[in-house]
1. For a Förster distance of 45 Å, can you work out the FRET efficiency between the beta-carbons of B:E23 and B:D157, rounded to the nearest 0.05?
2. Report the local net charge at A:E74: Lys and Arg +1, Asp and Glu -1, summed over other residues whose C-beta lies under 13 Å from its C-beta.
3. Is the shape of region B:171-252 best called rounded, prolate or oblate, per the rule: a/c under 1.5 gives rounded, else a/b larger than b/c gives prolate, else oblate, with a ≥ b ≥ c the square roots of the Cα gyration tensor eigenvalues?
4. If each DSSP helix of 4+ residues adds -39,500 (n - 2.57) and the sum is divided by the residues in chain A, what number results at 222 nm, nearest 500 deg cm²/dmol?
5. How large is ³J(HN,Hα) for each residue in region B:241-257, as worked out from phi by the Karplus curve 6.51 cos²θ - 1.76 cosθ + 1.60 (θ = phi - 60°), to whole Hz, x for Gly and Pro?
6. Hey, can you grab everything whose amide H is under 5 Å from the amide H of A:R20? Only 5+ residues off in sequence or another chain; H modelled, so Pro and N-termini drop out.
7. Do any trypsin sites (Lys or Arg not before Pro) in region B:56-160 lie in a loop, going by DSSP, with at most 15 other beta-carbon atoms within 10 Å of their beta carbon, and if so which?
8. I need the trypsin sites (Lys or Arg not before Pro) found in region A:14-63, filtered to DSSP loop residues with at most 11 other beta carbons within 10 Å of theirs.
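The values are calculated or read from the model by the stated rules, or taken from the named source; none is laboratory data. From a predicted model like this one, the values you see are computed outputs, not experimental measurements. When we count neighbours, we look across all protein chains shown, and the Cβ atoms used for this are built from the backbone with ideal geometry, even at glycine. Remember, those area values only see protein heavy atoms, side chains included, never the ligands or the DNA or RNA. Shrake-Rupley method; radii C 1.70, N 1.55, O 1.52, S 1.80 Å.
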Amino acid sequence: MAKINPKRTPMAEQPADKRRHNFDEVPYGYTPEQAMAEAQRCLQCKKPSCVGGCPVQVDIPGFIREVAQGNFLEAVKVMKRTNVLPAICGRVCPQEVQCEGACILGKKMEPVAIGNLERFVADWEATQPECVMCEIQPATGKKVAVVGAGPAGLTLAGDMRKLGHSVTIFEALHKPGGVLMYGIPEFRLPKAVVEREVNFLLAMGVELKLDYVIGKIKTIDELLNEYDAVFVGTGAGLPLFMGIPGENSLGIYSANEYLTRSNLMKAYLFPKYDTPIVRGKQVAVIGGGNVAMDAARTALRLGAERVVLIYRRSRDEMPARVAEIHHAEEEGVEFQLLTNPVRYIADESGWVKEVECLRMELGEPDASGRRRPVPVPNSEFRIPVDTVVVAIGNSPNPLIPQTTPGLATTKRGTLVVDPNTGKTTKRGVFAGGDIVTGAATVILAMGAGRVAAKAMDEFLRTGVW
Amino acid sequence: MVKILKKRQLAPQIKMLELDAPEIARKAQPGQFVVVRVNEEGERIPLTVADALPEQGVLVIVFQEVGKSTMLLGTLEEGEAILDLIGPLGKPSEIERFGTVVCVAGGVGTPEIFPVARALKQAGNRVISIIGFRSRELVLMEEKMRAVSDELIVATDDGSYGVKGFVTDVLREVLSRGEKVDRCFAVGPVIMMKMVSLLTKEYGVPTVVSLNPIMLDATGMCGVCRVEVGGETKFACVDGPEFDGHKVNFDQLMARLRTYVNEEKQAVELFLKSRNCGCEKGTVRG
């Protein structure tokens, strides 16, 4: 066996000075040769720790083995046994703390680029005339309703359909995908990729009803009259604001609004598309997570001259993925760390013109284990802005809990579920994703969908709650 | 796709559509709204439900052609379809037997207040309705409103029909004639709702206004519709659209409604240019 290359095969990407002006995807993907070379670095461990690091337990060595030999079709088949959304996972999972973080090569050298390979396999399939169909079990006659076509709901829908159940997804928006569609920008996850993976579920026989706001047009109880089980995957869709003076000034967006306008409504193509978005020149983004990075990078692409990311802790505490922080900096986003906005100052028309901030320093660790930011007295300063995006998180969407008797919630408004089964406190109703955990990641939501699917299948077969 | 069953022009630039929407028609209650998206490039437009006919599966919307999106909606004909219809959204009006209620509407607010007035009447209230328009040719739904009101007063700004003056002038007269008024409902332009609320506050009449801020998803997800009510920030799409008129920061609402004024102007110009193709359907009147 040839000596293993200690370095992973790099994936070519658009140069930063070019990509900050367009919405095209940043990395280009592997060529077949690059994919095979990278796959050949895999040690094919007998007890693969990478699989244990994956929330949906993809057979990682299995599909990589096929890629290494150039059997891409076989690789697709292996992949689809455990993951029906590989093109999405390959792009947005935090592999560095999951599969790649557990890769044994990583102890001495760079771990296998599992995410890149996953993406390659999915994208390769998309270039083929026909897609590989999953094996679908004989019809069970059981009907499942899924509320929300985001990562959790889509995963559960795929799993339940494979098991032979009839599945209907109800989505409130006019497009499926949830955060994959409205939240994550085109340059990180092309919407055509999301559509492709959703279309695969539809080809498997999953039914999708768009424009259905469950809790309004139908309650969960009404769904339970028609369906044998219901899965709630409605996400964490309620944006948080800081509640500081001037926050309702013109030009101040929640990240949800800013990203929804740009991604779902394609406002970056205004006036070809009808939904407008403010193309700010001086943009401040408040927050340090992946959503803040997405908003900052979107602002650059919309033509901002200066984008300042304001975060109250230091770089080490930033919840965003390292790769996203790196991409944002490369593209020219300025970081104002240890800084917290205290109020906004508007001009006479009500439009925001300055954000007043306080310097912070790190004190003792707080409940999250991170050092608590403490304001430095008399450190006020102002940053000129014409657009602000508040990306400090979301709380769960209250619509379903409010309209469903018997569904217990926590103090934070999340649904109470058994983490091993996704069972809520109401018989026949399962839940998973951000509505249970609060705002988290795509793959954790998918993992929750998978866990709930297993328990739901058992419930449908046995009738035991 | 949602089919347009019937289309009527109610007044210049004001159109009514009856939509084939049985599920929404079954659930919609007075005070709620729907979101319409005409086509793939379209905006999500929030529109108050003007009526719901559950037995016929029909949902009625009335809109004024004020921007590109409503102009585009206005070009659709019977038998054609809109791409998306979402609803019912927002909280329904609080309908009780209050006693005597005054329903005040301005312009296109009239079809919006109609289901509320009807429900109030059915709940056993004495309903006094005041509907106001700029001039005679803009008067809408007079007979329908008369049918659900114990007393109907029509006002026009220029005096070309009914009483001359603003609805607030008429309202002041009604409030000062000695009859106890237990509640006021107001739907219309923001400035009208503000003036109505200031007036009813003087008379101590609890007042409900139906707000129309900019919306996007209209399900609580984006926060663009935030309004200040009693010093607190509320989302009109899920906490409203109806609020206590005495607590609403109308000035902030009016400012926020101007966020995209330049983009709206640009979109209308482009639209009119594109429709001005000489064919009859492409002509936008009014």
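1. Details: r = 40 Å, r/R0 = 0.89.
E(calc), rounded to 0.05, equals 0.65.
2. Working: positive: A:R65, A:K77, A:K80, A:R81; negative: A:D59, A:E66, A:E125.
Around A:E74, the surrounding residues sum to +1.
3. Details: a/c = 2.62, a/b = 2.54, b/c = 1.03.
The shape class here is prolate.
4. Numbers: 18 runs with 153 residues, N = 465.
Value at 222 nm, helices only, nearest 500: -9000 deg cm²/dmol.
5. 3J(HN,Hα) across region B:241-257, in whole Hz: x, 8, 9, 5, x, 7, 10, 6, 7, 5, 4, 5, 4, 4, 5, 5, 5.
6. none
7. Details: sites: B:K68, B:R97, B:R118, B:K121, B:R126, B:R134, B:R136, B:K144, B:R146; in loops: B:R97, B:R134.
The qualifying sites are B:R97, B:R134.
8. Details: sites: A:K18, A:R19, A:R20, A:R41, A:K46; in loops: A:R20, A:R41, A:K46.
Answer in residue order: A:K46.
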